[in-house]
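Report on the structure given below.
The values are calculated or read from the model by the stated rules, or taken from the named source; none is laboratory data. Every value quoted in this text rests on a predicted model; they were computed, and no experiment measured them. Counting neighbours? That spans all protein chains shown, and the Cβs are built from the backbone with ideal geometry, glycine included.
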Ligand SMILES: Cc1ncc(COP(=O)(O)O)c(C=O)c1O
């Protein structure tokens, strides 16, 4: 929880420290600079995905082992980025390396089902309480297909999402994400805004966003859409928002969403690409005790290999089984990815693993809270399962509006540079959180708290 009367942080001091830290990081990463010069000649902007961009150059990595990564300059870091929250297993986990080696030697792709896929589906059905599964190769594919299934099942076209949430890079969900605060519009009638160029206006108009943690606003918008003959096919949402730092659902909110969507005949999709297998064995469904009609998984599922999954009730998935929806893909259920997923589920991310992750995260959150209290910083630590962050805001963030209005961008950017120079590898970007792995130790999280404490001291000296 945010402090009642935090100190006023001097913006000029933040900017001066950020400048010093940037110069220091640049001096420590000349090989990344050289790699960037080479890469940009053939890779657009020198990266494989625009989310890997960074000024003046990205930090290029060489290898990872357990809870650490090493960059091309030989700098070793505790990895709290963990591949955008994918590597809850830690890097090169022996069980996954063994499974992948064995599968590689037995053929890696047939476009026919191998036993691993059946085993993974059985285990996911058990963990998420959903009867039927299909596999894909990324989170974007999972949300794209889930939405199509929901549209086919309901015979409706409108997609409802949470304003500010990210669900991948296909057109239907690249709407109302990171937009300037002034353009959001009326809270009851939030604007549908494209996220970047190339998205047809007609597609954007089919996606309608509502604020997180406000079931009343959701239901009122649903009723207006119904009166316009545009009732939503689905509500696609993260049960806990994972791209504004971490924003937890307020007590009762998810239950209300479940009840409202059921009453209006809307398919409720929990997008668990970030939460699933990262915050509990059965993801957000288990953690928050609310059962959606569908879930989407990716990231942690593949233990470092590209994969994704869609789970649904028997009823919703009937439109796949009767052939009305073509849920397809050459690499779906790829044996290599499925071998990694199976090893991960059976040997690494077991229920016991989440007890340890919870305990480690508690230690990290408590350590950060102690630093905040000691230095009276405007912020708070928040997290769940393997995920967490320090949110620099004098008030609790509950949705996109409060995030945009209150998050201290300068402090957030300084924290990233500060961490990088002290061996803490964090996801760049003001919206991100840390992800722990089962290989992280008390030493790793204490290093994080130590670096944070030093930054707090430098800011308030
Ligand atoms: C909640 C959520 N859904 C979907 C996606 C898209 O996943 P991918 O990048 O694997 O396509 C992401 C990616 O960050 C995500 O956080």
task: Filter region 203-241 down to residues that are free of Cβ contacts under 8 Å to residues at least 40 places away in the same chain, part of a helix (DSSP H, G or I) and within 23 Å of residue 180 (Cβ to Cβ), then give me how many there are.
output: 3
field: Condition broken by residue 106, with the remaining ones in (1) modelled with pLDDT of 95 or more; (2) in a loop (DSSP other than H, G, I, E, B); (3) surrounded by 14 or more Cβ atoms within 10 Å (Cβ to Cβ) satisfied
entry: (3)
- request: Output the number of the condition that residue 269 fails; it satisfies all remaining conditions of (1) outside any helix (DSSP H, G or I); (2) within 14 Å of the ligand (Cβ to nearest atom); (3) within 15 Å of the chain's Cα centre (by Cα).
  value: (3)
- request: Among the residues of region 322-361, count how many are part of a helix (DSSP H, G or I), over 20 Å from the mean Cα position of the chain (by Cα), in contact (Cβ under 8 Å) with a residue 40 or more places away in the chain and farther than 16 Å from residue 99 by Cα.
  value: 2
message: Considering only residues that are under 17 Å from residue 175 (Cβ atoms) and either buried (at least 22 other Cβ atoms within 10 Å of the Cβ) or within 12 Å of the ligand (Cβ to nearest atom) (or both), which ones fall in region 139-151?
response: 139, 140, 143, 144, 146, 147, 150
query: If residue 380 passes every condition in (1) more than 20 Å from the chain's Cα centre (by Cα); (2) within 17 Å of residue 433 (Cβ to Cβ) but one, which one does it miss?
result: (1)
task: Would you point out which residue out of 307, 318, 324, 313 is over 29 Å from residue 223 (Cβ atoms) and either more than 15 Å from the ligand (Cβ to nearest atom) or modelled with pLDDT of 95 or more (or both)?
output: 307
task: Please tell me if residue 248 is within 16 Å of the ligand (Cβ to nearest atom) and under 18 Å from the mean Cα position of the chain (by Cα).
output: yes
message: Would you confirm whether or not region 75-90 contains a residue that is in a helix (DSSP H, G or I), out of contact with any strand residue (DSSP E or B) (no Cβ under 7 Å at 6 or more places or on another chain), surrounded by 14 or more Cβ atoms within 10 Å (Cβ to Cβ) and without any contact (Cβ under 8 Å) to a residue 40 or more places away in the chain?
response: no
message: Which count do you get for residues in region 28-67 that are more than 16 Å from the ligand (Cβ to nearest atom), under 30 Å from residue 360 (Cβ atoms) and in a loop (DSSP other than H, G, I, E, B)?
response: 6
field: Residues (within 11 Å of the ligand (Cβ to nearest atom) and either over 19 Å from residue 299 (Cβ atoms) or in contact (Cβ under 8 Å) with a residue 60 or more places away in the chain (or both)) located in region 152-176
entry: 161, 162, 165, 166, 167, 168, 173
Qualifying positions in region 177-204 - more than 19 Å from the chain's Cα centre (by Cα) and within 15 Å of the ligand (Cβ to nearest atom): 196
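Kindly indicate the residue of region 110-138 that is part of a loop (DSSP other than H, G, I, E, B) and within 16 Å of the ligand (Cβ to nearest atom) and also farthest from residue 276 (Cα to Cα) among those meeting that condition.
137
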message: With the requirement that a residue be in contact with a helix residue (DSSP H, G or I) (Cβ under 8 Å, 6 or more places away or on another chain) and more than 22 Å from residue 325 (Cα to Cα), what does region 125-144 give you?
response: 127, 128, 129
- prompt: Are any of the residues in region 425-440 in contact with a helix residue (DSSP H, G or I) (Cβ under 9 Å, 6 or more places away or on another chain), in a helix (DSSP H, G or I) and either free of Cβ contacts under 8 Å to residues at least 40 places away in the same chain or surrounded by fewer than 20 Cβ atoms within 10 Å (Cβ to Cβ) (or both)?
  reply: no
